Amino acid sequence: MKFTLSWLSKYISLDTLSAEQLAARLTMLGLEVDAAQELYAGLDAVKIAKVLAVEKHPNADRLTLCEVEVGDQVLPIVCGAPNVRAGLVTAVALPGTTLPDGMKIKKAKVRGQVSEGMLCSWKELGISEASSGIVELDSALLSGQSLTEALGLVDTMIEVDLTPNRADCASVLGIAREVAGVTSQQVCRPVTTLPDFSSPAEFTVSIEDSQLCSRYAARKLTGATIKPSPWWLQRLLLAVGMRPINNIVDITNFVMLEYGQPLHAFDYAKIAGKGIVVRLPKADETKFTTLDGTERSLEPDMLLICDQEKPVAMAGVMGGLNSEVTDATTDILLESACFDPVSIRRTARRLSLASEASYRFERGVNPEGVTEALERAVQLICELAGAQAADGLDLYPGKKELLQLDLRVQRVNSLLGTNLSKEQIAACLRGIEFAVEGEGDLLHVTVPAFRIDIEREVDLVEEVARSVGYNEIPITLPVMAMDCPQPEPLRQLRKKIAGLMTGLSFYEAVNYSFVSKKHSDLLQLAAEDHRRQQVDLLNPLSEDQAVLRTMLLPSLLDNVRRNISFQQTDVRLFEIGKVFTFTALGQQPLERYQLCAVISGSRCPEASPLYFAAQETDLFDLKGAAQALLRELRLKTAISFQSAAGQTESYAEQGYALRIMADKEQLGLISKVPSTIARAFGIKQEVYFLELELEVLNELSAAAKSFSQLPRYPSVRRDIALIVPEQVQAGELLQDILDHKMQDVIYADIFDVYSGKPIEDGMKSVALTVTYRSTDKTLDDETVNGFHEKIVSSLMSRFGGRYRDGKDTAL
């Protein structure tokens, strides 16, 4: 929204406000000022001149030699304008003047004739784009006078960036109302008396849909003379970037900018049947030519202004070429209406036809101001075009009661942190034309029709804050408790596990929670498996994202396939995310976090074969990763890895799976993906996976971190090699050693498992290592042997084992 200080000063006094102060006030009112620009600052040196005599240039057909009076001087000037003539009062730029386009005027010879200046056009002065000839001014102006003073060009243009909800400020009167509210003034309105539309009119108006057009007023004017507008009107329009056309069009544009109410003038002689119908297009009305000469395609929901035979305008957007006001027009039908913002916005967007009128209708105009703006335009047309005002009509089928809101004084002060009285709050609202009545500490506020953005009590509180001034509201620091928010345990666990898995050379994958229904079939889940009950999405993006996932593994297998297809065959991926378990129709699914990791390809990816043998990954690589992960979590609960033979999932290789147990509760699963399932996912190499239930893991308590000094005494290592039945798991032997919880046993592990000749059938050899160390002395052989023999005896008695060489010795 653009306006000038001289224009604004017609409605309120600006004597105490400079342009900078006004811009600051408007910005603090929520009307951000984008620019405050002094107009025509470079024209101070341009003077009023009078052409005394002209003659043809002796050396050029299109040039004229002029004698020009500038004050007391008579100067020779060569001019090429077609409209130069003796007696013409115009504008001259003398030598030394720099015009707005950067041209510097010098004394020069033009085809052998001296020229001491330049007679200027509006375009050369930067005032208008018109360049058909030099400026033609009022003959009463005195030569030698400054052009800016003579034409009243000394002014400042202010541009305000309006938010979409402030349609009431898309007018100079709207801006004046805001300024008046904070400067305790009354706006001087141009129209004080509205016309009486009770008399019958020569024309008719009908509205087919009051939702699309809530109000339509029109007035007939006769005997108008179409001519250029007076300079004061042209100057105001030029200052805000609008091109003057003729007095009628300029008046409608002026009133639109003044009131924020778009108007349109029809040539009354071109209105068939002398009647206006506001309606949608008929089936055979598919094309319409607008004022710019462009043929537009009509759609069934585009609102039109029609006469009794045809459309004559696109409502709220642009008039039609078939009803345009021309130089031959004498009778005018002037329209002022209120249209549905959504309908106008839709039409303007579809036609790519944004106009000043559609800009205002899209945001909503004041339905109560329709006739006031119409009367203002009628008065100006009568004054500037010599017209006579005839009868008119005003249809208001969409009239609504004004919104009534209650405003609590205590609520205002609570939200703003102020101590305003009821009278102060009421004065703030009345200053911007709200009707306010008081009753105790409650104010009854009537919202004016032009404030379509006010809907709730809190909106009124904001109006009070704007009127008081944001800078006047006291600054209060918030009171905050000096405490630290407790981190959410499961979130901390997920973060820690992600860091540990990355440290174990895994890459984190992040997949969509929306997956394909086919995943259950690809994993060969049993028909009664609860994971087949999936939550369907109402509007899935595609068939591959139609349901909420119940497992993380399928998406990771898709990741493995994609990596392999790009020749990245060594894959180590993990994902931490939610899985969703169906509960019941109409209820939210149960959500829980899981960890899933997959490995495939080489055990030492990207390692040089000179130092690392080319070995493929297996189940124990994932077991080692799981052990390292759980060890770093320092769980108090004993964790064990048990064979899942005969009790595993359909997507786990039978006889090739380990259950991770926390006491008697299953924490997770490690296994190999069966080749049939891997091929169903497009994978031809072996893939191993790890699943961990993070919700269960989060319930397990962790031991506090403890630190000890470096050992002062040496350790003693002893190995055990036993022959045990083949069904005995090597891990059971190791667990038995750890279960003794001998204080001096600091380490135990398996380093070899062997079956085959010369060991008899049904037996296998298991080799373990045990390390002993005391914290307060050096262990001698006798003490170590005592500990060791106790461990060996326990292993032999419990698992039916014997030494490999049959002797009572240890390796």
(request) Give, as residue ranges, the strands (runs of 3 or more DSSP E) completely inside segment 48-98 that count at least 3 residues that are under 60 Å from the mean Cα position of the chain (by Cα). (result) 73-79, 89-93
(message) Considering only residues that are open to solvent by 20 Å² or more (accessible area, probe 1.4 Å) and at negative phi, which ones fall in segment 216-225?
(response) Arg219, Thr222, Thr225
(request) State whether one or more residues within segment 769-789 are of a type in the set (Gly, Ala, Ser), under 28 Å from Leu710 (Cα atoms) and either open to solvent by 80 Å² or more (accessible area, probe 1.4 Å) or not in a strand (DSSP E or B) (or both). (result) yes
(message) Tell me the residue from Val510, Val461, Val515 that is open to solvent by less than 40 Å² (accessible area, probe 1.4 Å) and closer than 30 Å to Val535 by Cβ, please.
(response) Val515
(message) Every residue in segment 389-418 that is exposed (fewer than 14 other Cβ atoms within 10 Å of the Cβ), modelled with pLDDT of 90 or more and outside any helix (DSSP H, G or I), please.
(response) Pro397, Lys399, Lys400, Glu401, Leu402, Gln404, Asp406
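Just to verify a result, which residue in segment 590-621, among those that are touching a residue at least 24 places away in the same chain (Cβ under 8 Å) and in a loop (DSSP other than H, G, I, E, B), is most open to solvent (accessible area, probe 1.4 Å)?
Top of the filtered list is Glu606.
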(message) Suppose we filter segment 641-681 for residues that are open to solvent by 30 Å² or more (accessible area, probe 1.4 Å), in a strand (DSSP E or B) and closer than 24 Å to Ile737 by Cα; how many remain?
(response) 6
(message) Scan segment 53-60 and tell me whether some residue there is touching a Lys or Arg at 6+ places or on another chain (Cβ under 7 Å), over 26 Å from Gly152 (Cα atoms) and loosely packed, with under 14 Cβ neighbours inside 10 Å.
(response) yes
(request) Would you check which residues across segment 264-298 are among the hydrophobic types (A, V, I, L, M, F, W, C) and either open to solvent by 60 Å² or more (accessible area, probe 1.4 Å) or out of contact with any Lys or Arg (no Cβ under 9 Å at 6 or more places or on another chain) (or both) and list them? (result) Ala265, Phe266, Ala269, Ile271, Ile276, Val277, Val278, Leu280, Ala283, Leu291
(message) Given the criterion modelled with pLDDT under 90, under 21 Å from Leu738 (Cβ atoms), surrounded by fewer than 18 Cβ atoms within 10 Å (Cβ to Cβ) and not hydrophobic (A, V, I, L, M, F, W, C), identify the matching residue among Gly806, Gly800.
(response) Gly800
(request) Output the qualifying pairs, or none if there are none: Cβ atoms under 7 angstrom, residues six or more apart or on different chains, first residue in segment 269-290 and touching a residue at least 40 places away in the same chain (Cβ under 8 Å) and at positive phi, second residue open to solvent by less than 20 Å² (accessible area, probe 1.4 Å) and among the aromatic types (Phe, Trp, Tyr). (result) Lys274/Phe203
(request) Among the residues of segment 564-589, write down those that are farther than 14 Å from Glu508 by Cβ, surrounded by 13 or more Cβ atoms within 10 Å (Cβ to Cβ) and under 33 Å from the mean Cα position of the chain (by Cα). (result) Lys578, Val579, Phe580, Pro589
(message) Only one of Ala354, Ala337, Ala328 is under 34 Å from the mean Cα position of the chain (by Cα) and surrounded by fewer than 17 Cβ atoms within 10 Å (Cβ to Cβ). Can you tell me which?
(response) Ala354
(request) Looking only at segment 699-729, count how many residues are surrounded by fewer than 16 Cβ atoms within 10 Å (Cβ to Cβ) and either of a type in the set (A, V, I, L, M, F, W, C) or not in a loop (DSSP other than H, G, I, E, B) (or both). (result) 9
(message) Pairs please, first residue from segment 570-586 and farther than 20 Å from Asn559 by Cβ, second anywhere and among the hydrophobic types (A, V, I, L, M, F, W, C) and outside any strand (DSSP E or B), Cβ atoms under 8 Å, 6+ apart in sequence or on different chains.
(response) Phe582/Val535
(request) Mind listing just one residue for me: the one in segment 430-445 that is open to solvent by less than 30 Å² (accessible area, probe 1.4 Å) and either touching a Lys or Arg at 6+ places or on another chain (Cβ under 7 Å) or among the β-branched types (Val, Ile, Thr) (or both) and, of those, nearest to Gly181 (Cα to Cα)? (result) Ile432
(message) Here are the criteria: (1) in a helix (DSSP H, G or I); (2) of a type outside the set (Val, Ile, Thr); (3) farther than 29 Å from Glu372 by Cα. Tell me which single one Lys282 does not satisfy.
(response) (1)
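The values are calculated or read from the model by the stated rules, or taken from the named source; none is laboratory data. Everything numeric in this text was worked out from a predicted model, so none of it was measured. Backbone-built Cβ (ideal geometry, glycine too); neighbour counts: all protein chains shown. Note: accessible area is taken over every heavy atom of the protein model, side chains too, but ligands, DNA and RNA are not part of it. Shrake-Rupley method; radii C 1.70, N 1.55, O 1.52, S 1.80 Å.
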